[in-house]
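Remarks on the structure that follows.
The values are calculated or read from the model by the stated rules, or taken from the named source; none is laboratory data. Everything numeric here is computed off the predicted structure, so don't read it as measured data. Virtual Cβ from ideal backbone geometry, glycine too; neighbours counted across all protein chains shown. For the accessible areas, the whole protein counts, side chains as well, though only heavy atoms, and no ligand, DNA or RNA atoms are used. Shrake-Rupley method; radii C 1.70, N 1.55, O 1.52, S 1.80 Å.
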Amino acid sequence: MGHDSTYTNQKFKVVGTRVNRPDGVDKVTGRAKYGADAYAPGQLVGLFLRSPHAHAKIKKIDVSKAEKLDGVKAIITSADLPDLTGDDRDLTDILENCMARGRALYDGHAVAAVAAIDMQTAKKALKLIKISYQKLPHVTDVDQAMEPGAPIIHDFVRDRKTGKPSNVCKISQFGHGDVEAGFAEADVIIEKTFKTEQTHQGYIEPHACLANISSDNTGELWVTTQGHFGFRSTCAELLGMDVAKLKVTSSEIGGGFGGKTHVWIEPIALALSRKANRPVKVVMSRDEVFRASGPTSATSIDVKIGAKKDGTITGATADLRYTNGAFPGFWAMLGSMISFACYDIKHVKSIGYDVIVNRPKVAAYRAPSAPMPAFAIESVMDLIAAELKMKPIELRIKNAAKEGTRASYGPTYGPIGIGPTLDAAKNHPHMRARLKKNQGRGVACGFWFNFGGQTCVDLNIGIDGSVNLIVGTVDVGGSRASLALIAAEELGIPYEQVRANVGDTASLGHNDMTDGSRGTFSSGMATIFAARNAITVLRERAAKTWDIPLESVIWKEGAARATGKGNSNRPPLSLKELAASAPNTGGPIAGHNEVVADNAGVSFASHICDVEVDPETGVTKVIRYTVIQDAGKAVHPDYVEGQLQGGAAQGIGWALNEEYVYGDDGCLQNPGFLDYRIPVCSDLPFIDTQILEIPNPDHPYGIRGVGETSIVPPLAAIGNAVSNAVGVRMNHTPMSPIRILKAIEDSKA
Amino acid sequence: MSGVHVSTTINGDPVEFACPQDETLINSLRDRVGLTGVKEGCGTGDCGACSVTLDGRLVCSCLVLSAEVNGKEIATVEGMVEDGKLHPLQQQFIEHAALQCGICTPGILVAAKVLLERNPNPSEEEIRYALAGNLCRCTGYDKIVRAVQAAGKEMRKKSR
Ligand code: FES
Ligand code: FES
């Protein structure tokens, strides 16, 4: 049966209230179980040996001594992992990333793994594994990797035109119109190059799992992940198992932000368990998380924008070069789609170059690929505004995309929030606050697509009328509360009567990852349909009880009510009563839904930021920050605000502090929280939020994705603020004290 | 492997365990005593997820050797509930949505408790500096600071 997902503008009773989350008590008492918190009888400790070289041929691996050590139960190298990936190149890359095959492609690349009875023995065993490497030339910088003569990382990657080996694995182009004609119409044209350094999601919980395969090739995996169904498919394919025979349970997740949408240690943990015939627990160290999970891309971006005297943008181009790490990806492609999404531009073109370098394989990081072009483009917007003597916000308002605008990446927008967030920013008291000496203000906009995808939920009504909602999207930040609110709303019962749980892969059909801000959007949609499905069953039971036709029974305020002639004095049958009588009216009552949730509803935000820069030290302090975002319907406003604040904080870290620093040897020099410094409590002010609710026309409750857009504007907002504070245009993140001082110095020269 | 025998008090209960000499307290607490509310985010003293108190002093349990805690008193997040009731900080963290993923929460609660015991009425700045050793990647700290302020207020009211 098809379901209508059209927005209906209903009045909400519980959706939109700030209830306590169902997992709250467990999480404040230490009872919640995360990736590293599971234990199995007889479990072994799994550890990885990783390449100390940026690029090296692995000539020989000798595990004989390690194998003989008492307490070592299994050792895995690529020799133990037959390639079962067929012609699926992406899957082959995942296999090779999990364990090097003949060559180490980056500092930290796994080359062997051991399982032993305890940590001490496992560490000893790693030391006994002898590997002879032959170092190869490496390249870690995106521009250098594109130069002729650069060390080539994969022979199978070829230049589209010449057919020669190249590090550019993908070239993507988006846009419309004729940019040259656009620039010919312009009164001012500004062209500038920007760089952003590589950052990491920085989730506080390292990757961790407990793998347990029996000799009959069935098994279980407990893991911290954003998508246990996806992990199941990948692991099963790599190891030659049936998906149905691998049960994956997602633990509570200690942050992911995209970084836990990919497998790293999990297939190897399973392989170790299979070889040792014992459960194996693997927990990454922080050093390993930095060196060998998936950070985001470093970029180098050229932007050119032309505008008329009245501020109308006539043409815009962007050339975007993204590091992909050691394997092909599509990160510049995403960047080239996103670049100009905020604006209505007649002639626009972006070209993305995805580039392979000797760094860890890039993974998604919150609105992946979007903050970097926003930094470049929103900076040039400010330069244009200055040239035209316009207020930066007015220039943005003038060119903002609106309903009916053809987006630079193709589609035509429905109702969108960029204009309203800009208007709200313009009228926000923050914009009128006085700035002192050495202070500057910046404004910037951001966009994210939002995803939907495959989703299913079960809604089981207990014999006492309490409701168990089982969802398959991992709860990364409070979505169980939101989904329980939605179930309660639809069923017309109190929130407290619903318990939402995340089901494992054995108890629910396939669900896509919690990524692309899809969790509450898509599971929310499936929850509404499952509840409606259950309501039909409830009405049937009431009709049967009353012995009247189904059409005469309606569901209102948590109860079945008889309507029509002669029925009006029947007392309603509540959910509780119907649940209690279920054994006699047809058995358990449940609702289900399987859906591909489409049209997640694009998201826009405008941020305002004030900074103070110490001209002596170059240290920047964020003194005020305001996030204004269109959230569609905010199901649980606390957790929407939390997403806006958390994304802004990550963006602030990216803008000011965070970066992967590589030495000349191609090795990462700062794989720890001491030298890769994420914002701490004393670095930040309160982060003000203003939620706009522009309903998504394609969701019954008007819900849009929320979680990612907030990381898009901060690099640019801070870049603009710092530039205004010091009077010099910043074009390289992070805007660390050294870079700021250098920019000031260079401007004087 | 030479081991040590450790006898200590954890959350008010006497606890004894044996462990290798070089084992850190976090690993003993988690793997031997079963207190997995103590979280490891870095193992190098940089994230505060492993915060516990040792004789009332806030420490990173990843930087303490278990051999050092013999005869000492340890308190972890698991000991914060009293008489079946959540500590005001725990309650306010839930009410203020001061956690998203919650992995930093145990360490932050332990650190905030130490702060409020020493300084029942901290300013925003004092809270921010007191928690500067506890990384949270999800929240931007906004709701955390507000929750600590609210808990302080509640505790001051109670003690009056
Ligand atoms: S785990 Fe101890 S400070 Fe991070
Ligand atoms: S709530 Fe996730 S790290 Fe703090």
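Can you give the mean number of other chain Cβ atoms that lie within 10 Å of the Cβ atoms in peptide A:675-685?
6
So how do A:142-152, A:5-15 stack up, highest first, on mean other-Cβ count within 10 Å?
A:142-152, A:5-15
Spelling out what I want: for every residue of segment B:7-17, take phi, set θ = phi - 60°, compute 6.51 cos²θ - 1.76 cosθ + 1.60 (Karplus), and round to whole Hz; glycine and proline get x.
After applying 6.51 cos²θ - 1.76 cosθ + 1.60, I find 10, 8, 10, 10, 6, x, 9, x, 9, 10, 7 Hz.
With the Cα gyration tensor of the protein assembly as shown giving a ≥ b ≥ c as the square roots of its eigenvalues, does the rule (a/c under 1.5 for rounded; else a/b larger than b/c for prolate; else oblate) give rounded, prolate or oblate?
Rounded, since a/c falls under 1.5.
I'd like the mean, over residues of A:255-262, of how many other protein chain beta carbons sit within 10 Å of each residue's own Cβ.
Shielding by partners across A:255-262 averages 2.
In what sequence, highest mean first, do A:296-309, A:48-61 appear when ranked by Cβ atoms within 10 angstrom?
Ranked from most to least packed, the peptides come out as A:296-309, A:48-61.
Of the residues B:Gly107, B:Gly37, B:Gly48, which exhibits the maximal mean-square fluctuation in a Gaussian network model of chain B defined by a 10 Å Cα contact cut-off?
Evaluated over chain B, the most mobile residue of the options is B:Gly37.
Which of the peptides A:359-365, B:100-106 is most tightly packed, and how do the rest follow, going by the mean number of other Cβ atoms within 10 Å of each residue?
With the highest mean Cβ count within 10 Å placed first, the list reads B:100-106, A:359-365.
If I stretch the segment between A:Asn20 and A:Asn277 completely, what's the gain in nm (0.36 nm per residue apart, minus their alpha carbon distance), one decimal?
Length gained between A:Asn20 and A:Asn277: 88.3 nm.
Work out the mean other chain Cβ neighbour count within 10 Å for the residues of A:687-698 and drop it here as an integer.
Counting Cβ atoms of other protein chains within 10 Å of each residue's Cβ and averaging gives 1.
Once phi is turned into ³J(HN,Hα) by the Karplus curve 6.51 cos²θ - 1.76 cosθ + 1.60 with θ = phi - 60°, what whole-Hz value does each residue of segment A:734-749 show in order, with x for glycine and proline?
Rounded to whole hertz, the list is x, 7, 6, x, 4, 5, 5, 4, 5, 4, 5, 4, 4, 5, 7, 5.
With Cβ to Cβ distances under 14 Å as the rule, what net charge do the other residues near A:Leu105 carry (K, R +1; D, E -1)?
That works out to +4.
Among A:Lys304/A:Lys426; A:Lys308/A:Lys748; A:Lys192/A:Lys748; A:Lys57/A:Lys130, which pairs are too far apart, with a Cα-Cα distance over 24 Å?
A:Lys304/A:Lys426; A:Lys308/A:Lys748
Would you mind calculating the gained length between A:Asp746 and A:Leu550 on full extension (0.36 nm times residue separation, minus the Cα-Cα distance), in nm to one decimal?
Roughly 62.7 nm would be gained on extension.
Compute the length gained on full extension between B:Lys158 and B:Leu65: take 0.36 nm times their separation in residues and subtract their Cα-Cα distance, giving the result in nm to one decimal. Intermediate values should be presented prior to the final figure.
On the way: separation 93, 0.36 × 93 = 33.48 nm, distance 3.73 nm.
Length difference between fully extended and current span is 29.8 nm.
Taking both sides together, what accessible area is buried at the B/A interface, probe 1.4 Å, expressed in Å² and rounded to the nearest 100?
Roughly 4100 Å² of accessible surface disappears when B and A pair.
Given a Förster distance of 30 angstrom, what is the FRET efficiency for B:Ser7 paired with B:Asn119, based on the Cβ-Cβ distance and rounded to 0.05?
With R0 = 30 Å, the Cβ-Cβ based efficiency is 0.35.
Quick one: which of A:Lys33/A:Lys124; B:Lys39/B:Lys113; A:Lys123/A:Lys275 span more than 22 angstrom between C-alpha atoms?
Distance filter (> 22 Å) returns A:Lys33/A:Lys124.
By the scheme Lys and Arg +1, Asp and Glu -1, what is the net charge of all other residues having a beta-carbon under 12 Å from that of B:Cys19?
Taking every Cβ under 12 Å from that of B:Cys19, the sum is -4.
Sequence neighbours fewer than 8 away in the same chain don't count; with that in mind, list the aspartates and glutamates whose C-alpha is under 16 Å from A:Lys633.
A:Glu489, A:Glu490, A:Glu641, A:Glu693, A:Asp698, A:Glu708
Considering only the other residues whose Cβ falls under 15 Å of the Cβ of A:Gly503, what net charge follows from Lys and Arg at +1 and Asp and Glu at -1?
Charge balance in the 15 Å sphere: -4.
Accessible area per residue of the protein assembly as shown at 1.4 Å probe, in Å²?
Each residue of the protein assembly as shown exposes 37 Å² on average to a 1.4 Å probe.
Rounded, prolate or oblate: which one fits segment A:1-155, using the alpha carbon gyration tensor with axes a ≥ b ≥ c (rounded when a/c is under 1.5, else prolate when a/b beats b/c, else oblate)?
Because a/c hits 1.5 or more and a/b fails to exceed b/c, segment A:1-155 counts as oblate.
Hey, any idea what % of segment B:3-79's accessible area is carbon plus sulfur with a 1.4 Å probe?
It is 43 percent, rounded to a whole number.
Would you calculate a helix-derived [θ] at 222 nm for the protein assembly as shown, using -39,500 (n - 2.57) for each DSSP H run of n ≥ 4 and dividing by the full residue count, to the nearest 500?
Details: 25 runs with 258 residues, N = 909.
Estimated from H runs of four or more residues: -8500 deg cm²/dmol.
Straight distance only, please: which lysines reach the Cα of A:Lys621 with their own Cα at less than 19 Å, same-chain residues fewer than 8 apart left out?
A:Lys436, A:Lys437, A:Lys742
May I ask you to derive the FRET efficiency for A:His428 and A:Glu147 from their Cβ-Cβ distance with R0 = 41 Å, giving the value to the nearest 0.05?
Between A:His428 and A:Glu147 the formula returns 0.35.
Are there GluC sites (Glu not before Pro) in segment A:353-409 that DSSP puts in a loop and that have at most 13 other Cβ atoms within 10 Å, and which ones? Walk me through the numbers on the way to the answer.
Values: sites: A:Glu378, A:Glu387, A:Glu394, A:Glu403; in loops: A:Glu403.
Qualifying residues, ordered by number: A:Glu403.
Among the lysines, which fall within straight-line cross-link reach of A:Lys565, defined as a Cα-Cα distance under 28 Å, with same-chain neighbours fewer than 8 residues apart omitted?
Reachable lysines: A:Lys544, A:Lys556, A:Lys576.
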